[in-house]
Ligand code: PEP
């Protein structure tokens, strides 16, 4: 179902009025974690002003380490509520991660696109249940997964969309893969730019790039955004926080609102439409 049927076969669909797979290169921006209402509303207003098309933010968080800094707590349902407030304030559609089958209903009721994180890319029961909602899905690439693994994970969701009588509404998101040489000790990931044309050769689904998670280093995000556009990315995602130094999660990779504005200004002349 995810395979291209002809060389120019491309899936197009809209998420809260934002088109994926068309001429526009949608930009999804927001903090790693929906830390509180004030933060997400401030971020939503700022990223909208700079030209973002959707708001991202995690309410249910897959964190590598089980130990939390004193300022971190997982917002869960509160985070979903705050995302809705940010949406009401700005009109930006929401993408947020779903990690557990038991939370699909509440997450789906509070977002426009469901995100499957890198760690759950091969959680097949979760993929199937998410597919059954018929909602648009952003499927992150498992950080140790081949293109074939990734496409077959997407196939699980596409199968459920097909059973509902609809075309697959899936965006594939490259977010960095584990590599021996990452050029900085803080990260174990490398943005696989090559997978963008490789995926587009075989699938009709739109491909997104997430340079924030891939680089884990904000100073490299702008150039990797530009490189992703040059490689043909259909959509982009990045982490934005009004006060990066004090971000509860991933302070090294998130861009400030000013940095985001600068990145958008640099991307606009390069992307066909952004
Ligand atoms: C995220 O986008 O918030 C996230 C946790 O990403 P990943 O699954 O790529 O680590």
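Every number here is computed from the coordinates shown, using simple stated rules; none is lab data. None of the values given here were measured: they were computed from a predicted structure. With ideal geometry, Cβ positions are generated from the backbone for all residues, glycine too; neighbour counts draw on all protein chains shown.
Look at 267, 254 and count the other Cβ atoms within 10 Å of each Cβ; fewest to most, that gives 267, 254. Simple spin-label estimate for residue 49 and residue 100 gives 3.8 nm between the two label positions (7 Å along the Cα-to-Cβ direction from each Cα).
To one decimal place, what Kirkwood hydrodynamic radius in Å is obtained for the range 159-274 from all pairs of distinct Cα atoms? Mean inverse Cα-Cα distance, inverted, gives 15.2 Å. Residues of the range 227-270 with the amide nitrogen closer than 19 Å to a label point 7 Å from the Cα of residue 23, along Cα-to-Cβ, please. Answer for this model: 229-230, 232-236, 267-270. Entry note, the chain: relative contact order of 22 percent, from Cα contacts under 8 Å with a spacing of 6+ residues.
Rg/Rh for the chain stands at 0.93; both radii use Cα atoms, and Rh follows the Kirkwood definition. Nearest 0.05, what FRET efficiency do residue 37 and residue 186 give at R0 = 22 Å with Cβ-Cβ as r? Rounded to the nearest 0.05, the efficiency is 0.15. Taking the helices alone, the chain has a mean residue ellipticity at 222 nm of -10500 deg cm²/dmol, built from -39,500 (n - 2.57) per DSSP H run of at least 4 residues and averaged over all its residues.
Distance between the pseudo-spin-label points of residue 243 and residue 163 (7 Å out from Cα toward the beta carbon): 4.7 nm. Distance between the C-alpha centres of the range 12-38 and the range 122-150: 18 Å, rounded to the whole angstrom.
Here r is the Cβ-Cβ distance between residue 74 and residue 179 and R0 is 22 Å; the resulting FRET efficiency, rounded to 0.05, is 0.15.
Legend: ranking of residues 41, 2 from fewest to most surrounding C-beta atoms inside 10 Å; resulting order 41, 2. Restricting attention to the chain, close to 20% of DSSP beta bridges with both partner residues there are antiparallel.
Among 176-186, 142-152, sorting by the average number of other beta carbon atoms lying within 10 angstrom of each residue, highest first, gives 142-152, 176-186. Annotation for the range 54-108 versus the range 201-274: alpha-carbon center distance of 20 Å.
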